[in-house]
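The values are calculated or read from the model by the stated rules, or taken from the named source; none is laboratory data. All figures in this text were calculated on a predicted structure; none of them were measured in a lab. Glycine also receives a Cβ, built like all others from the backbone with ideal geometry; neighbour counts cover every protein chain displayed. For accessibility, only protein heavy atoms count, side chains too; no ligands or nucleic acids. Shrake-Rupley method; radii C 1.70, N 1.55, O 1.52, S 1.80 Å.
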Amino acid sequence: MIRKRKVIGAIAICAAAAGPVVVFADTLKTTLTNNYGNPGALIDMPTAESAPDGQLSTTVMHFDGFTKTTLSFQITDRLSGSFRYAATRGLAPGFDVFYDRSFDLKFRVFNETDWTPAVSVGLRDFIGTGILAGEYVVATKSVGPRLRLTGGVGWGRLGSYASDGSIGTRTPFSFAGVGTGGNLNVDDWFQGDYAFFGGASYQISDKFSLSAEYSSDNYDIAQNANITTRRSPWNVALDYQLRDDITLRAFGQHGEEIGALVTFSLNPRNATVPGGTELAPLPVAVRPAGSAQDLGWTTQPGSTERITAGVDTSLDQAGLDLEGIKLDGRSAHVSIRNDRYDATSEALGRTLRSLSRELPASVEELHVTLIRNGIPASTMSFSRTDLERLEHAPAREALAVARFTDTLRFGDYPDPRAGIYPRFEWSVGPYLRTSLFDPDNPIRADLGARARGKYHLGSGWVVSGSVGQKIVGNLDEVTRPNNSQLPRVRSDVSRYNRTDEPFLENLTVAKFGRLGPDVYGRVTGGYLERMYAGVSGEVLWKPVNSRFALGAEVNYAQPRDFDQQFGLRSRSTPGGTIPEFSGHVSAYYEIGNGFHGQVDAGRYLAGDWGGTLTLDREFANGWKVGAFATFTDASAQQFGEGSFDKGIRITVPLSWILGQPTTQKAEATLRPLTRDGGQRLEVDERLYETIRGSHQPDIAKSWGKYWR
């Protein structure tokens, strides 16, 4: 014990007192992850290091009997979060392989300075079974450009080897006490036995780094199950940076185990094709001096038709559609449909360039209305003089003079041109449907073909549908008992995956409209999603220049037959009767610094009442990484395994991958387990996400693309 304390004390003293010989204050960034997938250069033990802001990493670690797969995200410069899926062979009674899901958080309280270390506080497995649970306070200090020293104190798993003392009492882990899992055992945080740990990492070269640690995790549960023997508290690792985004590790653990780790990382800030590969727009056409006074075109027969044709052609070449146009001697008002540019600012910039080249010189005021699903979402106004003056100025100067107005407050806007409606759109392509982190099988997937169509009958009227055919997959192979005590509103999803016949994903008629200034409405009816048919109605209040919005939705739903054809089935299920009505009131707020929050409160599909809190980190290029949690009046026992609904959601704009502008996105929601509590109806094109991209706060985030 004395020897251990001397070792840890020496590491901690070095970390805390290392002088400013050659240090890099406040730069404790790392692309390495430990065996738990957390940012840090040690093996099992945490450090105070952080990944670069916004970094996403996936880590897969294995040594005999143990596999951990972790997704980590650097939420802010100081805060990181991780979701882990661990598999341990022979650990628990009745399980050949025990699968466990857990969440971690780490927050850097103090930055490193010349004289003091960075200090972080962290929670491991704070939502889950608690089999990996531990809390810690850790300090890390740079000593020169290559060496970093770490010392800390841990509780739970991190306080299980040669404890140095105890604070309060902690509930001991047992498989019998796991229950439904997913609980926040706040009373146990930083309680019970604690122990010190420490380590060091050294950057040998640009490719290689070496680390060693003194571990305070005794692996009690694994030793009791005779999975491993912990002969030594010392662990070592050698890391190799294969590429900027791939790191390989070999490590020795417990004095007898050899293991390997691979980390894949990316940062949404770093586009695969920096700047994009789309063709540059035509330059702004600057009017000759004095030409703005010439109104002769207003008296020429057919001039309006010729100008309209020119604007239409120019916008079409830019990938935009002209819905309507109004002209007079001094102003022009166009309404456009943007189905190409995921950055609305780029669509606006290219529209204004086209207008500068096609409109007569006397037209000074330019107004552009953005049309979404046939309804006017907002109107931007720009003077032509400012357009000519600011073409080569920083984009922020153009944003300062642009004026955004609710189209109904602006006044008269162009009617749709003849021939715009009806309009048909369609696409055919593959689909991939996945189920990750299932307790019995970590990865399941179906691959198939999908055909989609959308028929725009008139302003705001849309008929849409989607048909699919499974080709291969195993999503139907779910045999795990369902311990949900609620009506089976989602947990029977495997039965929907068993059909080998063509299936109807959705077939709906929707009406989108403006109910007044700042107010939008939607009604959708038909086969709303794979599992439900019915009617959904929604109202949204969203001022065009506001970061805040309020919405309300009411749904009537009937469960569909499992074959996903045209039939409906009974509301009666083993867990109870599915209610007819559900609905929510919702509040949306762009918090700033790239964060967006949403709160939904109301009645869910299973009849439970409660609320969902969602927080997303949003990047200007369209990337989104967020988390959500739903708490309702359904108890943990009624909910079943997992205790409450929670998960991570990721949105990747395909333009980030392709380097070409497109509005298409890949979206994924990672849930530890799908159960029936806290489940909402899935409805295409809810109003907030339909409208927000046309409003000033969202456009401003990507305004750097205004001149692209």
| note | By residue number, the members of the range 349-369 that are more than 15 Å from D312 (Cα to Cα), of a type in the set (A, V, I, L, M, F, W, C) and in contact (Cβ under 8 Å) with a residue 40 or more places away in the chain are A361
| remark: Of the residues in the range 622-639, those that are within 30 Å of G659 (Cβ to Cβ) and out of contact with any helix residue (DSSP H, G or I) (no Cβ under 9 Å at 6 or more places or on another chain) number 4
| query | If you check P301 against the conditions, is it at pLDDT 90 or above and either more than 17 Å from S331 (Cα to Cα) or within 35 Å of the chain's Cα centre (by Cα) (or both)? | reply | yes
| request: Could you tell me which of the residues E667, E590 is open to solvent by 60 Å² or more (accessible area, probe 1.4 Å) and assigned to a strand (DSSP E or B)? | output: E667
| field | Residue in the range 254-286 that is farthest from G54 (Cα to Cα), counting only those that are open to solvent by less than 40 Å² (accessible area, probe 1.4 Å) and either part of a strand (DSSP E or B) or basic (K, R) (or both) | value | E257
| Do you know which residues across the range 560-574 are in contact with an Asp or Glu (Cβ under 9 Å, 6 or more places away or on another chain) and either surrounded by 22 or more Cβ atoms within 10 Å (Cβ to Cβ) or in a strand (DSSP E or B) (or both)? | R560, Q564, L568, T573
| task | Give the range 540-550 a look and list any residue that's touching a Leu at 6+ places or on another chain (Cβ under 7 Å) and open to solvent by 10 Å² or more (accessible area, probe 1.4 Å), or say none. | result | W541
| request: Only residues that are touching a residue at least 60 places away in the same chain (Cβ under 8 Å) and more than 30 Å from R522 (Cα to Cα): list them for the range 443-485, please. | output: N482, N483, S484, Q485
| task | Select the strands (runs of 3 or more DSSP E) contained entirely in the range 410-476, then report the ones holding at least 2 residues which are over 30 Å from F382 (Cβ atoms), open to solvent by 70 Å² or more (accessible area, probe 1.4 Å) and aromatic (F, W, Y). | result | 423-436
| message | Of everything in the range 606-637, what is assigned to a loop (DSSP other than H, G, I, E, B), more than 28 Å from V652 (Cβ to Cβ) and in contact (Cβ under 8 Å) with a residue 24 or more places away in the chain? Give them in sequence order. | response | A606, G607, D608, D633, A634
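Quick grid of which residues meet (1) farther than 25 Å from A195 by Cβ; (2) in contact with a Phe, Trp or Tyr (Cβ under 8 Å, 6 or more places away or on another chain):
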{"position": "L32", "(1), (2)": "no, no"}
{"position": "N38", "(1), (2)": "no, no"}
{"position": "A41", "(1), (2)": "no, no"}
{"position": "E49", "(1), (2)": "no, no"}
{"position": "G54", "(1), (2)": "yes, yes"}
{"position": "H62", "(1), (2)": "yes, no"}
{"position": "T76", "(1), (2)": "yes, no"}
{"position": "P93", "(1), (2)": "yes, yes"}
{"position": "Y99", "(1), (2)": "yes, yes"}
| message | Looking only at the range 530-551, how many residues end up being touching a strand residue (DSSP E or B) at 6+ places or on another chain (Cβ under 6 Å), under 17 Å from E689 (Cβ atoms) and in a loop (DSSP other than H, G, I, E, B)? | response | 3
| Options A222, A176; residue that is aliphatic (A, V, I, L, M), open to solvent by 10 Å² or more (accessible area, probe 1.4 Å), modelled with pLDDT under 90 and not in a strand (DSSP E or B) | A176
| Within the range 291-301, is there a residue that is under 24 Å from R423 (Cα atoms), in contact (Cβ under 8 Å) with a residue 40 or more places away in the chain and hydrophobic (A, V, I, L, M, F, W, C)? | no
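Residue-wise test of (1) crowded, with 18+ Cβ neighbours inside 10 Å; (2) under 16 Å from the mean Cα position of the chain (by Cα); (3) part of a loop (DSSP other than H, G, I, E, B); (4) not small (G, A, S).
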| residue | (1), (2), (3), (4) |
| --- | --- |
| G642 | yes, no, yes, no |
| I650 | yes, yes, no, yes |
| D676 | yes, no, yes, yes |
| R680 | yes, no, yes, yes |
| I699 | yes, no, no, yes |
| task | Quick one: which residue in L56, L42 is modelled with pLDDT of 95 or more, in contact with a Ser or Thr (Cβ under 7 Å, 6 or more places away or on another chain) and surrounded by fewer than 24 Cβ atoms within 10 Å (Cβ to Cβ)? | result | L56
| Filtered residues of the range 546-585 (kept if within 30 Å of A700 (Cα to Cα) and free of Cβ contacts under 8 Å to residues at least 40 places away in the same chain) | L550, A552, V585
